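Step one of this worksheet: look at the structure below.
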Amino acid sequence: MLNKRGCGVLLHPTSLPSPGGIGTLGADARRFIDLLAAMGMSYWQVLPLAPPACGNSPYSGLTAFGGNPLLIDLDALSREGDLPPLHYSAAARPDWVDFAAVTDSKMALLAQAGAAFLAQPESSRTLEFQHFCVTHSWLNDFALFMVLKEKYQGVSWNRWPAAVASPTPEGRRALAEEFAREISVQKYLQWQFAKQWQQLRVYANAQGIAIIGDIPIFVAYDSAEVWSHRELFLLDRQGRPSVVAGVPPDYFSATGQLWGNPHYDWDLMATRGFAWWIERFRSMFELFDILRVDHFRGFEAAWQVAADATTAEQGCWAPGPGEKLFDVIAATLGHLPIIAEDLGVITPAVLALRDRYQFPGMKILQFAFDTEPINLPHHHRANGVVYTGTHDNDTSQGWYDALSKEKRQAMQDYLGCAEEDGAGTLIRTALMSVADTAILPLQDLLRLGSAARMNIPGTPFGNWEWRFSWEMLPPDLVKIVQDQLQRYDRLNKGEKTDAP
């Protein structure tokens with residue numbers, strides 16, 4: 001899919017203008033796919049779809065496998081008979097997600113829908129639900145984890161009573177029996193998410209739109225996986241991380257980024273044939289046509305910091321599994337349609353690992369004209385993906401407006417043009433790149449400023465909230481984008497993508 005010239009748009013589903021205060025997998029998602037197809041796009045790139053933990057970050061999920069129930073389209077549940085017809089409040093702001101308010105209101109409705117479904121007589125839907133439960137091995141642990149997390153008011157699992165934080169097999173069975181109905185509701189939510197997502201993916205593929213997903217290399221400490229499989233992570237006897245993940249000082253932070261995720265016990269995982277990773281990648285390819293692997297360099301070596309560190313400045317590079325892991329995954333799953341996020345401190349060993357599997361890497365144009373000239377267009381290659389910016393960057397117009405006079409002049413000298421449409425300039429540069437694939441955040445297509453930024457790395461709160469409205473789209477947007485994609489040989493002629 002990535003071996004011919006094409007273009008896509010980066011937009012997380014939470015940013016869709018759906019009713020109820022947050023984007024969903026319903027009618028607005030289909031309308032967005034229609035927009036992509038009309039413009040001649042080939043891809044829709046999203047962020048991780050997992051239910052977010054603290055800070056609402058999709059890169060810090062409560063599980064490495066499941067979906068975010070807040071994305072479920074409630075109108076679809078009404079059509080299936082699990083909810084009465086809904087009337088949405090006009091109080092929700094259209095330009096941002098109030099996660100606290102949305103979670104309170106929507107989770108109550110989702111629990112109501114789950115209870116209604118479980119109370120219905122057995123039907124073909126029941127059999128479909130039961131099949132989903134038995135074919136997703138991660139679901140039992142996750143559903144129990146979520147029920148316990150609600151029981152203990154959302155606090156991290158390491159603060160639960162010892163018998164629950166680290167239950168024996170007998171204790172886990174007792175908990176599963178005690179909370180059987182609540183566990184079934186959690187499973188219902190994951191079933192509905194998976195069903196709605198697959199329907200949306202089929203709809204996209206039918207119009208020639210492939211969906212690019214995102215898999216974070218690390219999982220959150222407060223997640224179902226760390227709680228239920230502590231042995232897979234570098235934890236002490238009390239279940240606390242002995243070291244945590246991050247990155248050294250970089251473009252975004254002079255003191256580095258201290259992520260706090262536990263590191264993997266790669267030696268133990270290797271002795272088990274990397275079974276956990278095989279299952280994780282298999283589950284991701286059930287959701288996506290193409291997968292962007294976040295922090296790909298961590299599979300070669302990852303930055304390791306003491307668990308009590310306050311910044312990520314002092315640490316070391318801990319070796320990862322490298323080709324051992326990807327050889328096993330490829331042997332099990334076959335061809336891996338992967339984009340390697342190869343940004344930051346990249347060594348020849350990282351590039352060799354990427355190129356061994358012919359994974360396309362990434363180039364970010366904002367970096368190119370700021371501090372990292374390796375991202376300049378004359379360094380691009382066909383087997384690559386060029387972005388104006390990512391979810392971690394400012395919008396391109398906001399970035400351009402904040403550029404110093406010297407850097408703006410250097411950019412103009414390089415491109416041989418002088419104009420104030422910073423976002424438009426980066427878009428045109430991305431489209432003319434030799435990289436087969438170009439990805440443009442929707443904010444850049446709409447020429448939005450810094451107020452539309454999705455995330456500021458290193459800031460734990462106030463991110464991931466931006467939403468767009470249909471009124472933001474200029475009436476001539478489709479024609480303008482079509483012409484640009486045609487000019488730079490990236491126009492998708494509507495060829496159908498193989499459906500899952």
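Taken together, the values in this text are just the output of simple stated rules run on the coordinates, not laboratory data. On a predicted model such as this, the values are computed, not experimentally measured, just so you know. Cβ atoms come from the backbone with ideal geometry, glycine included; neighbour counts cover every protein chain shown.
For the stretch 45-136, run through the GluC sites (Glu not before Pro) and keep only the ones in DSSP coil with at most 11 other Cβ atoms within 10 Å of their Cβ. In loop regions of the stretch 45-136 (DSSP not H, G, I, E or B), the sparsely surrounded GluC sites (Glu not before Pro) are E122. Backbone geometry of the stretch 300-316 corresponds, through the Karplus equation with coefficients 6.51, -1.76 and 1.60 at θ = phi - 60°, to 3J(HN,Hα) couplings of 8, 6, 10, 5, 10, 10, 4, 4, 9, 5, 9, 9, 9, 5, 9, x, 8 Hz, x marking Gly and Pro. Could you calculate the FRET efficiency of Y88 with R237 from 1/(1 + (r/R0)^6), where r is the beta carbon distance between them and R0 is 56 Å, rounded to 0.05? That gives a FRET efficiency of 0.65.
The label point for Y203 and the one for E279, both projected 7 Å from the Cα toward the Cβ, are 3.1 nm apart. Take every DSSP beta bridge whose two residues both sit in the chain; close to 40 percent of them are antiparallel. When DSSP beta bridges are restricted to pairs lying wholly in the stretch 287-409, around 35% turn out antiparallel.
Annotation: extensible slack from I456 through V478 equals 5.0 nm (criterion: 0.36 nm per residue apart, minus Cα-Cα distance). Residue separation of V434 and Q314 scaled by 0.36 nm, minus their Cα-Cα distance, works out to 39.4 nm of gained length.
Could you calculate the FRET efficiency of A306 with L415 from 1/(1 + (r/R0)^6), where r is the beta carbon distance between them and R0 is 45 Å, rounded to 0.05? So the FRET efficiency works out to roughly 0.50. Taking other Cβ atoms within 10 Å as a rough exposure proxy, D267, D98, D436 sort from fewest to most as D267, D98, D436.
Arranged from fewest to most other beta-carbon atoms within 10 Å of their beta carbon, M39, M454 become M39, M454.
Applying both filters, DSSP loop and at most 11 other Cβ atoms within 10 Å, to the trypsin sites (Lys or Arg not before Pro) of the stretch 93-170 eliminates every site. Here's the picture: charge each Lys and Arg Cβ at +1 and each Asp and Glu Cβ at -1 in the chain, and of A309, T135, G298 the one pushed furthest to the positive end of that dipole is T135. Scanning residues 5 or more positions from G344 or on other chains, none has an amide H under 5 Å from its amide H, with H placed 1.01 Å from N in the peptide plane.
Charges were assigned to the Cβ only: +1 to each Lys and Arg, -1 to each Asp and Glu. The resulting dipole of the stretch 1-124 about its Cα centre is roughly 480 debye. Electrostatic tally near E341: other residues with Cβ closer than 9 Å to its Cβ, Lys and Arg +1, Asp and Glu -1, net -1.
Scan the stretch 173-260 for trypsin sites (Lys or Arg not before Pro) in coil per DSSP, keeping those whose Cβ has at most 12 other Cβ atoms within 10 Å, and list them by number. Those satisfying the criteria are R237. Summarising the strand pairing of the stretch 175-333, around 75 percent of its internal DSSP beta bridges are antiparallel.
Taking a straight line from the alpha carbon of K149, these aspartates and glutamates sit under 20 Å away, with near neighbours fewer than eight places off in the same chain left out: D104, D141, E170, E177, E178, E182, D222, E225. Comparing Cα centroids, the stretch 1-66 and the stretch 255-274 end up 27 angstrom apart. Projecting label points 7 angstrom from Cα along Cα→Cβ for A180 and E128 puts them 2.5 nm apart.
When the square roots of the Cα gyration tensor eigenvalues are ordered a ≥ b ≥ c, the ratio a/c for the stretch 350-500 is under 1.5, which makes its shape rounded. Length gained on full extension, V155 to E406, computed as 0.36 nm times the residue gap minus the Cα-Cα distance: 85.5 nm.
Near G61, the amide H atoms lying under 5 Å from its own belong to A53, A220; only residues 5 or more places off or on other chains count, and H is placed 1.01 Å from N. Amide H to amide H distances under 5 Å link L291 with G213, I338, I339, where only residues 5 or more positions off or on other chains count and H is placed in the peptide plane. Computed from backbone phi with θ = phi - 60° and the Karplus coefficients 6.51, -1.76 and 1.60, the 3J(HN,Hα) list for the stretch 237-252 is 5, 8, x, 9, x, 7, 9, 10, 9, x, 9, x, x, 8, 3, 8 Hz; x is used for glycine and proline. Count Lys and Arg as plus one, Asp and Glu as minus one, and take only other residues whose Cβ is under 15 Å from that of R31; the net charge is then -3. Panel order for V247, V155, V434, by other beta carbons found within 10 Å of each beta carbon, from fewest to most: V155, V434, V247. Oblate is the label for the stretch 161-232. Its Cα gyration tensor axes, ordered a ≥ b ≥ c, give a/c of at least 1.5 and b/c at or above a/b. 3J(HN,Hα) along the stretch 380-389, derived from phi through the Karplus expression 6.51 cos²θ - 1.76 cosθ + 1.60 where θ = phi - 60°, amounts to 6, 9, 4, 7, x, 10, 9, 10, 5, x Hz, with x in place of Gly and Pro.
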